[in-house]
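**Student:** A single structure is presented below for examination.
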Amino acid sequence: MTSQEIKSLTHQYIMNTYGRFPVAIDHGQGARLYDPEGREYVDFTSGIGVTDLGYGYQPWADAVAAQAKKLNHVSNLFYTEPAARLAEILCRRTGESCVFFANGGGEANEGLIKLARKYSFDKYGQGRSTIITLKNSFHGRTVTTLKATGQDVFHNYFFPFTEGFRYAAANDLDSLRAAAGEDVCAVMVELVQGEGGVLPLEPDYVKALAELCAEKDWLLLADEVQTGVGRTGSLFAFQQYGILPDAVSFAKGIAGGLPMSGILANEKCRNVLGPGTHATTFGANPVCAAAGLVVQETLSDAFLEEIKAKGAYLREGIESLALPCFDRTRGLGLMIGIEVKDGFTNKDIANRLIENGLLVLTAGPGMRLLPPLVITKEEMDQGLEIMRKVLA
Ligand SMILES: *Cc1c(COP(=O)(O)O)cnc(C)c1O
């Protein structure tokens, strides 16, 4: 099919919930994507932080194909090796104790919320169910995680929303204390706010937050759906902040492009969600887990260090272009935000870059870059050259 045929068929038969860019993608290699007509795009998006090993990565494709032939699905009524091994690796590499596997980020965050509420219910009884989240956060699209999201624009149309969320300003302990109360059971944060505009939390704030949570017996919940799995230059961002959250959600990059998510929890939370309290049919799918094992093998400690270096290289490259539309960059590892100067809009900039062969994202009022973690210097240079040509 041609790009035009794909777009027409999509418009006719797929619900119109996405504001898509006018590009159809057919295949990819490394950090480069191609449309059906063979036009090349450098990818600074990873399918929104998912394809951390890029496209056409042979060990990943081989593992997925082999597992698909061997066993595609069997349900959580039975045991399978790939999920057990992936859970072991995640726990060993993070210091957490156990894993629950699910399928998407919003669903994983639902798990965090249920975990926190039941932890508190088991220990203190009813009435201690409120979760504090941060303004500007993003936690998902379910009726509950929309409400957990600290942005008013998301609290519309789908009434009634799940109750039990209060919002505090990021990096502001006084605001957190003002949101506190006898009814609180947990605080949920993104360590680098993603959709909100690539806003890293300050290390001192995170330390103080962790201490406050420990003092009040609030669970500290980290939404690492976007920051997790190497994106920031450590396996999880919390490892760079020197904290061990009570529970952590992950999704996007965990299986390199197959739908998988989950939560990691510490020893104190191990038995909270007992048999019959939480489940999902597709969770711990063996093909997804086999893909996740290749991601873990690839993200060695040395590879994680390279992610930091690549992120620094890309940020310096962008800042040294001194483009009229861009201000400073910020972020952690290969999760990069670029401030857009007054008089320019991020959507226009994104459209122009995409038209000219560089896929980018927006977040809040700025730009957001989430390149595949395997991106090479040559591919980064090609993207920077497109930026220079289009935006200078
Ligand atoms: C993408 C994202 C989600 C939602 O994940 P889905 O897989 O789309 O449900 C939740 N939290 C954060 C921080 C995200 O970046």
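The values are calculated or read from the model by the stated rules, or taken from the named source; none is laboratory data. Every value quoted in this text rests on a predicted model; they were computed, and no experiment measured them. Cβ sites come from the backbone with ideal geometry, for glycine too, and all protein chains shown count toward neighbours.
**Student:** Given the residues T281, T277, which is the only one that is among the polar types (S, T, N, Q), more than 18 Å from A87 (Cα to Cα) and either surrounded by fewer than 24 Cβ atoms within 10 Å (Cβ to Cβ) or away from the ligand (no atom under 16 Å from the Cβ) (or both)? It would help to see each step written out before you state the result.
**Tutor:** On the way: T281 fails: more than 18 Å from A87 (Cα to Cα).
None of the other options fit; the residue is T277.
**Student:** Can you name the number of the only condition in (1) more than 19 Å from F138 (Cβ to Cβ); (2) buried (at least 24 other Cβ atoms within 10 Å of the Cβ) that A210 fails?
**Tutor:** It is condition (2) that A210 fails.
**Student:** Does segment 103-116 contain at least one residue that is surrounded by fewer than 14 Cβ atoms within 10 Å (Cβ to Cβ) and out of contact with any His (no Cβ under 7 Å at 6 or more places or on another chain)? Talk me through it step by step, then tell me what you get.
**Tutor:** Filtering segment 103-116 down to residues surrounded by fewer than 14 Cβ atoms within 10 Å (Cβ to Cβ) leaves none.
No, because not a single residue in segment 103-116 is surrounded by fewer than 14 Cβ atoms within 10 Å (Cβ to Cβ) and out of contact with any His (no Cβ under 7 Å at 6 or more places or on another chain).
**Student:** Which condition from (1) hydroxyl-bearing (S, T, Y); (2) over 25 Å from the mean Cα position of the chain (by Cα); (3) within 28 Å of A289 (Cα to Cα) is the one that S97 breaks?
**Tutor:** For S97, the exception is condition (2).
**Student:** Considering only segment 82-96, state which residues are loosely packed, with under 14 Cβ neighbours inside 10 Å and either touching a residue at least 40 places away in the same chain (Cβ under 8 Å) or within 16 Å of the ligand (Cβ to nearest atom) (or both). Before you say what the answer is, go through the steps one by one.
**Tutor:** Within segment 82-96, the subset loosely packed, with under 14 Cβ neighbours inside 10 Å is 84, 88, 92, 95.
Across segment 82-96, the qualifying residue is only G95.
**Student:** Scan G228, G311, G262 and give me the residue that is within 18 Å of the chain's Cα centre (by Cα) and either basic (K, R) or not assigned by TED's automatic domain parsing to the domain that holds A116 (or both).
**Tutor:** On the way: G228 fails: either basic (K, R) or not assigned by TED's automatic domain parsing to the domain that holds A116 (or both); G262 fails: either basic (K, R) or not assigned by TED's automatic domain parsing to the domain that holds A116 (or both).
Sole residue among the options that is within 18 Å of the chain's Cα centre (by Cα) and either basic (K, R) or not assigned by TED's automatic domain parsing to the domain that holds A116 (or both): G311.
**Student:** Take segment 155-197 and flag every residue that is within 16 Å of the ligand (Cβ to nearest atom) and among the aliphatic types (A, V, I, L, M).
**Tutor:** A170, A186, V187, M188, V189, L191, V192, listed by residue number.
**Student:** A further question follows. Does at least one position in segment 116-125 carry a residue that is over 16 Å from P245 (Cβ atoms), of a type outside the set (D, E, K, R) and not in a helix (DSSP H, G or I)?
**Tutor:** There is at least one residue in segment 116-125 that is over 16 Å from P245 (Cβ atoms), of a type outside the set (D, E, K, R) and not in a helix (DSSP H, G or I).
**Student:** Collect the residues in segment 28-59 that are more than 20 Å from G104 (Cβ to Cβ) and assigned to a helix (DSSP H, G or I), keeping them in residue-number order. If you could, list the steps in order and put the result at the bottom.
**Tutor:** The initial filter retains those residues of segment 28-59 that are more than 20 Å from G104 (Cβ to Cβ), namely 28-44, 54-59.
Those that are more than 20 Å from G104 (Cβ to Cβ) and assigned to a helix (DSSP H, G or I): Q58, P59.
**Student:** Could you check segment 361-386 and list, in sequence order, the residues that are touching a helix residue (DSSP H, G or I) at 6+ places or on another chain (Cβ under 8 Å), within 16 Å of E319 (Cα to Cα), in contact (Cβ under 8 Å) with a residue 60 or more places away in the chain and not in a helix (DSSP H, G or I)?
**Tutor:** G366, L369
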